[in-house]
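The values are calculated or read from the model by the stated rules, or taken from the named source; none is laboratory data. Being a predicted model, the structure only gives us computed values, none of them experimental. No Cβ is skipped: glycine too gets one built from the backbone with ideal geometry, and neighbour counts run over all protein chains shown.
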Amino acid sequence: MDSELVDPSEYDPLYLAGVVKFNECDYYECHEVWEELWTEYRGPSRKFYQGLIQAAVALYHFGNGNIRGARKLHGSVHGYLEPYGSYYLGLHLDRFFESFDECLREVAASTENFPKIELDPETLPEIHLDPPPLVDGGVSDE
């Protein structure tokens with residue numbers, strides 16, 4: 001389901017707002033914004049948005065010490081996003097998975113019911129869209 005480079009003027013404003021919140025590590029608010037988009041959206045990107053929501057919630061759980069919740073959602077993120085190939089809606093999914101999986105590596109590998117795993121802020125994934133979104137009359141912010 002790989003798609004060609006998108007026109008940055010076609011990014012949904014709620015998609016972009018969620019990306020900003022994600023990159024600010026405000027995963028709860030990110031989830032809220034993307035859930036608003038997902039709830040109203042009917043089309044081929046619906047499961048893509050759902051996968052991003054799951055990623056935000058997995059990171060939210062990890063940051064709050066809910067390792068079991070983070071582990072469960074980690075797997076579902078792949079299930080929702082992998083069908084979109086390596087690039088979709090400006091997101092290089094292969095790069096996203098690399099950073100997301102690195103952040104949650106210990107979580108995914110743990111078999112303990114209540115593991116003591118600390119979040120390493122250096123491994124937090126970010127989303128960088130390609131092409132970057134347009135701002136202020138067409139000048140990109142990246």
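Which number in (1) closer than 14 Å to His128 by Cα; (2) modelled with pLDDT under 95; (3) not in a loop (DSSP other than H, G, I, E, B) marks the one condition that Ser9 misses?
(1)
Report, by residue number, each residue of region 42-53 that is more than 13 Å from Glu29 (Cα to Cα) and not charged (D, E, K, R).
In the first step, residues of region 42-53 are kept if they are more than 13 Å from Glu29 (Cα to Cα); the result is 42-51.
Passing the criteria: Gly43, Pro44, Ser45, Phe48, Tyr49, Gln50, Gly51.
Looking only at residues in region 1-34 that are among the aliphatic types (A, V, I, L, M) and farther than 28 Å from Asn64 by Cβ, which one is surrounded by the most Cβ atoms within 10 Å (Cβ to Cβ)? Break it down into steps so the answer makes sense when it comes.
Taking region 1-34 first, the residues among the aliphatic types (A, V, I, L, M) are 1, 5-6, 14, 16-17, 19-20, 33.
Of the ones still in play, those that are also farther than 28 Å from Asn64 by Cβ are 1, 5-6.
Values: Met1: 13, Leu5: 9, Val6: 16.
Selected residue: Val6.
Looking at Leu129, Leu73, Leu81, which one is assigned to a helix (DSSP H, G or I), closer than 28 Å to Asp7 by Cα and in contact with a helix residue (DSSP H, G or I) (Cβ under 7 Å, 6 or more places away or on another chain)?
Leu81
Can you give me the number of residues within region 88-125 that are within 20 Å of Val19 (Cβ to Cβ), part of a loop (DSSP other than H, G, I, E, B) and not hydrophobic (A, V, I, L, M, F, W, C)?
So the answer is 2.
Are there any pairs with C-beta distances below 7 angstrom linking a residue in region 21-48 that is in a loop (DSSP other than H, G, I, E, B) to a residue that is among the aromatic types (Phe, Trp, Tyr), with the two at least 6 apart or on different chains, and if so which?
If the second residue must be among the aromatic types (Phe, Trp, Tyr), the pairs left are Tyr41/Tyr49.
Looking at Asp130, Asp101, which is the one that is modelled with pLDDT of 90 or more and surrounded by fewer than 14 Cβ atoms within 10 Å (Cβ to Cβ)?
On inspection, the qualifying residue turns out to be Asp130.
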